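A.B. asks: I have a structure here, written as structure tokens, and I will follow up with some questions on it.
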Amino acid sequence: MNHTRESIDKKIRINGIKLSTELVQVNLLNRFFPQDSGALFFQLLAQNQINIPFILTSGMGEKIIGSCCVAAEDIHRIKKVVGGEPKLKEKLEFIPGVGTLCIFPHHSNLKLLGLSFYLLGKQHLPLYGMASSISSLTFITDYSQLDNAVSILLEYMNLPPNHAPFRPEIHVIQKKR
Amino acid sequence: METIAVYWEPKPKTYGFKEVTDLSLMNIEITPGKMGQWGLWLMELADPDIGFHLILAKYSTHQKLRLYILLEKFWADSVLSHIDNRIDLEAEKYFHLTSPVELISFQGPHFGDRYGIAYSAFKALDDQGIPILVAACSGAAVYIVLSEKKLLAARPLLAEAFEVPQP
């Protein structure tokens, strides 16, 4: 433990932090027809050309079988689409006003995850989900807390000189012709 | 300024499948109040250089977060004994290990910005009754964790749904 505490005193070098636009988290609740409802949800969003930039699922008999994030501007369309499906209506839960914070690189090592959990947990920042990707760790928290989360993490993480956390300014949208 | 680019593909293109077998999937229940403490324990595990293939955390109920760590089966025992020294696995029942499991992952151009990618992957497996243990779509990457010996059946189904570069 002392070794761990010593390593917290040294800042971890990271290459970047990326923040999302405002998102809404959708939780898929495991009630009655879990397999059907999950598949139907993804099918409806695909048919209606709605992107889901972040998805977590687990089929291990949990009350919440999946969590995903969608763009805040898509939420009215999503509610309309699922509203017409009685099988789905009662199985979704919406958490508005969330955002993602992406730190990279993780080097497949648990240190960055451990430090992030430690810092965010110590400051009681809500964590609605997280996942690793090829080189990054993405955390879902309140959109209004993203800047605060960055400040907390940067007390123990170093960005390269002249780097700052960024929000992508280019948005790619796919549409079928 | 809006720029419109037209791109056509018969099915979503990937940069190739990454397949890994002989993995262990750890599943740890964490109450939000203990997240900081778990962070310290995870940092201790980083010291012997234990690497992971995938990590995800999601709420399993409205009060409890489940942390999934996918790592080489080879490391499972040392991680278990590390955690065993800190929590009472028998009494707490909030730790679960599934082993061995298999992983197939892939990425493609702008996967994080495009609709229907996850649906194509899940449908390909679901139609043939291949259960997914856990899955994550984050950034441009898709990760699917399967039970032992399911990868062999899953690969051609996903290769049917997605374009895979040929060597």
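The values are calculated or read from the model by the stated rules, or taken from the named source; none is laboratory data. Predicted model only: the values in this text are computed from it and were never measured. When we count neighbours, we look across all protein chains shown, and the Cβ atoms used for this are built from the backbone with ideal geometry, even at glycine. Keep in mind that these areas ignore ligands, DNA and RNA; they rest on the heavy atoms of the full protein, side chains included. Shrake-Rupley method; radii C 1.70, N 1.55, O 1.52, S 1.80 Å.
A.B. asks: In the stretch B:45-56, how many are touching a residue at least 24 places away in the same chain (Cβ under 8 Å), more than 27 Å from residue B:157 (Cα to Cα) and buried (at least 20 other Cβ atoms within 10 Å of the Cβ)?
C.D. replies: 2
So that you can scan it fast, the table gives a plain yes or no per residue for (1) away from chain A (no Cβ under 11 Å); (2) surrounded by 15 or more Cβ atoms within 10 Å (Cβ to Cβ); (3) within 21 Å of residue A:130 (Cβ to Cβ); (4) modelled with pLDDT of 85 or more:
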{"position": "B:17", "(1), (2), (3), (4)": "yes, yes, no, yes"}
{"position": "B:40", "(1), (2), (3), (4)": "no, yes, yes, yes"}
{"position": "B:75", "(1), (2), (3), (4)": "no, yes, yes, yes"}
{"position": "B:78", "(1), (2), (3), (4)": "yes, no, no, no"}
{"position": "B:91", "(1), (2), (3), (4)": "yes, no, no, no"}
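A.B. asks: Looking at the stretch B:138-148, which of its residues are open to solvent by 10 Å² or more (accessible area, probe 1.4 Å) and either within 7 Å of chain A (Cβ to nearest Cβ) or small (Gly, Ala, Ser) (or both)? Reasoning before the result, please.
C.D. replies: Looking only at the stretch B:138-148, we keep the residues that are open to solvent by 10 Å² or more (accessible area, probe 1.4 Å), and these are B:139-140, B:143, B:147-148.
The answer is B:139, B:140, B:147.
A.B. asks: I'd like the full set of residues that are part of a loop (DSSP other than H, G, I, E, B) and either closer than 23 Å to residue A:123 by Cα or open to solvent by less than 50 Å² (accessible area, probe 1.4 Å) (or both), limited to the stretch A:150-166. Spell out how you get there, then give the answer.
C.D. replies: Our first condition is that a residue be part of a loop (DSSP other than H, G, I, E, B); within the stretch A:150-166, this holds for A:155-156, A:159-165.
Of everything in the stretch A:150-166, those that are part of a loop (DSSP other than H, G, I, E, B) and either closer than 23 Å to residue A:123 by Cα or open to solvent by less than 50 Å² (accessible area, probe 1.4 Å) (or both) turn out to be A:155, A:156, A:159, A:160, A:164, A:165.
A.B. asks: List the helices (runs of 4 or more DSSP H) that sit entirely inside the stretch A:69-133 and contain at least 3 residues that are at negative phi and either at pLDDT 95 or above or among the hydrophobic types (A, V, I, L, M, F, W, C) (or both).
C.D. replies: Answer list for the stretch A:69-133: A:75-83, A:110-122.
Per-residue answers, yes or no, for (1) at the interface with another protein chain (Cβ under 7 Å from one of its Cβ atoms); (2) open to solvent by less than 10 Å² (accessible area, probe 1.4 Å); (3) under 15 Å from residue B:68 (Cβ atoms); (4) in contact with an Asp or Glu (Cβ under 9 Å, 6 or more places away or on another chain):
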position	(1), (2), (3), (4)
B:94	no, no, yes, yes
B:107	yes, no, no, no
B:110	yes, no, no, no
B:124	no, no, no, yes
B:136	yes, yes, yes, no
